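Comments concern the structure below.
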Amino acid sequence: MSSMFKWDVVDPAPGEPVGPRQRLSWGRTAGLGAQHVVAMFGATFVFPLVMGLDPNLAIMFSGICTILFLLICSNRVPSYLGTSASFVASVAAIRNQGGDSADVTGAIMIAGIVLLLVGVLVHFAGAGLIHKILPPAVTGAVVMLIGFNLAPVVAGIYWPQDQWIALLTATFMVCAAVLFPGFWSRIAVFLALIFGFVMSWVFDKVFGTINSVVPALGDKATEHDRLWAWSGVGKADWIGFPSGTLQDGVSVVHGPSFSLTFILLVLPGVIALIAENTGHVKAVAEMTGDDLDPYMGRAIGADGFATALASAFGGSPTTTYAENIGVMGATKVYSTAAYYVAAAVAILLGLCPKFGAVVNATPGGVLGGITVVLYGMIGLVGAKIWVENRVDFGDPVNMVGLAAGLIAGIGGVSLTFSDNFQLGGIALGTILVIVYFHLVNRGHHTGPTHRGADEVTHAL
């Protein structure tokens, strides 16, 4: 174990890469770790917010889970585990059906265990198994229906809270992500959050209160400041464990509750996580020049274990983060030592209740602007997987085999078995995509080897 924490200290020339088992001086390594924290920051606490979970707990577990991931992968796969977007649509469906936060984390915990088992299987059977069961045509369709299934969440919950702040925030985020140079474009979510906060403060000062429905304030429209929750920041402690209650009355730190109906709703997210992790390992291997295929199963299993662990305490699901691949691409420093620094900083942030109070004060209009872009990007990533893998829609296997599942998943079609059990939305759509595709795909060529799976998160 001690040899795992020995990195060769190097002082490279400009542009010369630093490998995973190398490091710069600890001072420069700490600076790089801080960059990784900033890169993962926005998305890692936005997604817990929109899932109704605690951002402080999510940040803390992202650090803990990153360390676990590095240990399981023997410090060979430089990665940060931030909050996953793959379950956001499923969580919305659970809450629409009356489930609370314990139901959410219980269902996600089972999904994490399933992902862990997939990782063990891949470790012993090889990555080729993934490509047979989940070829690009299927993976792209599942990712697309997960993303586009979120459209009603934006339209019905966040956007109406403050349409003009939402529009301004979305416009800023689009411009920042595309037009800002280098590293700044990679932290577009974080910058959009700051911009949204500032504009909300300006609007409160210039235009006064707004009349809209905020779920935390009740189910009827009320007059309120855009920054109505800011008063909680001053009352929060600087140091302490995540505590209190969530908006649905469940304790921030809580045990999971299990329901078969809700578990089936989240299992499609496992497919997206498999694609994310597979693509992440391939992307890192391409950047570092290392053969990381032997660590593919470990990476998938480590993410599954991390997701299950975080969910067991009320935390958010995890996934390897593309934002941090962007930092490595810009700096050419692939040292896992920098990720340990980032993980330590994240754990410290998670132990700062005042930070959590600031995050929880994010106005609904700001979340509306950010999520309308993020959710659309998740859906379009499915199309990008098709393009990257040259999926041929002139082939009826792809055109007809995927069609029904996409509409069922995006449109919320349901299949009722009894008063207590039904399949619908993402769960039913994913099942139809996989079953119909393999039902008619008898020896057909479905495209080249699975490329572009990393795009599931790299758009974020």
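Starting at the first residue of the stretch 91-106, write each ³J(HN,Hα) from the Karplus equation 6.51 cos²θ - 1.76 cosθ + 1.60 with θ = phi - 60°, in whole Hz, x for Gly and Pro.
So the Karplus estimates, Gly and Pro as x, are 5, 4, 5, 4, 5, 5, 8, x, x, 10, 5, 5, 5, 4, 5, x Hz.
Hey, if you put +1 on the Cβ of every Lys and Arg and -1 on every Asp and Glu Cβ in the chain, which of Ser335, Gly315, Phe124 ends up farthest toward the positive end of that dipole?
Toward the positive end, the furthest listed residue is Ser335.
For a quick protection proxy, order the peptides 167-174, 139-146 by their average other-Cβ count within 10 Å, most packed first.
So the peptides 167-174, 139-146, ranked by packing, come out 139-146, 167-174.
Report the FRET efficiency, 1/(1 + (r/R0)^6), for His438 and Gln97, where r is their Cβ-Cβ distance and R0 is 22 Å, rounded to 0.05.
The computed FRET efficiency comes out at 0.15.
Could you sort out which of Lys332/Lys384; Lys205/Lys354; Lys132/Lys282 sit more than 21 Å apart by Cα distance in this structure?
Over 21 Å Cα-Cα: Lys332/Lys384; Lys205/Lys354.
Would you mind computing, in nm to one decimal, how far apart the modelled labels at Ser25 and Lys220 are, each placed 7 Å from Cα along Cα→Cβ?
Result for the modelled spin labels: 6.5 nm.
Report the one residue of Leu351, Gly279, Leu265 whose Cα lies farthest in the direction of the positive end of the charge dipole of the stretch 251-377 (charges on C-beta: Lys and Arg +1, Asp and Glu -1; origin at the Cα centre).
With unit charges placed on the Cβ atoms, the residue in question is Leu351.
So, with +1 on the Cβ of K and R and -1 on the Cβ of D and E, and no other charges, what is the size of the charge dipole of the stretch 18-451 about its Cα centre, to the nearest 20 debye?
840
Identify the residues of the stretch 101-131 with backbone N under 20 Å of a label point that sits 7 angstrom from the Cα of Ser251 along the Cα-to-Cβ direction, or state none.
Residues 101-109 qualify, since their backbone N sits under 20 Å from the label point.
What are the equivalent ellipsoid semi-axes of the stretch 217-320, built from the alpha-carbon gyration tensor (square roots of five times its eigenvalues), in whole angstrom, biggest first?
Here the semi-axes work out to 37, 19, 15 Å.
Could you tell me which trypsin sites (Lys or Arg not before Pro) in the stretch 275-379 are loop residues by DSSP with no more than 16 other beta carbons within 10 angstrom of their beta carbon?
Of the trypsin sites (Lys or Arg not before Pro), the ones in loops of the stretch 275-379 whose Cβ has at most 16 other Cβ atoms within 10 Å are Lys332.
Per DSSP H run of n ≥ 4, the term is -39500 (n - 2.57); total these for the chain, divide by its residue number, and report the mean residue ellipticity at 222 nm rounded to 500 deg cm²/dmol.
-20000 deg cm²/dmol
Just to be sure I understand: of the beta bridges DSSP finds with both ends in the chain, what percent are antiparallel, rounded to 5?
80
Across all directions of projection, what mean area in square nanometres is found for the Cα convex hull of the chain? Spell out each step's value before the answer.
Values: hull surface 88.2 nm².
Value for the chain: 22.1 nm².
Within the stretch 111-149, name every residue whose backbone N is under 16 Å away from a label modeled 7 Å from Cα of Asp293 along the Cβ vector.
122-132
Of the options Ser251, Tyr158, Gly31, report the single residue whose Cα projects farthest towards the positive end of the charge dipole of the stretch 18-451 (beta-carbon charges: Lys, Arg +1; Asp, Glu -1).
Gly31
How big is the gap, in Å, between the Cα center of the stretch 103-135 and the Cα center of the stretch 253-299?
Answer, in whole Å: 7.
Taken together, the values in this text are just the output of simple stated rules run on the coordinates, not laboratory data. These numbers were taken from a predicted model, which means no experiment stands behind them. Cβ atoms come from the backbone with ideal geometry, glycine included; neighbour counts cover every protein chain shown.
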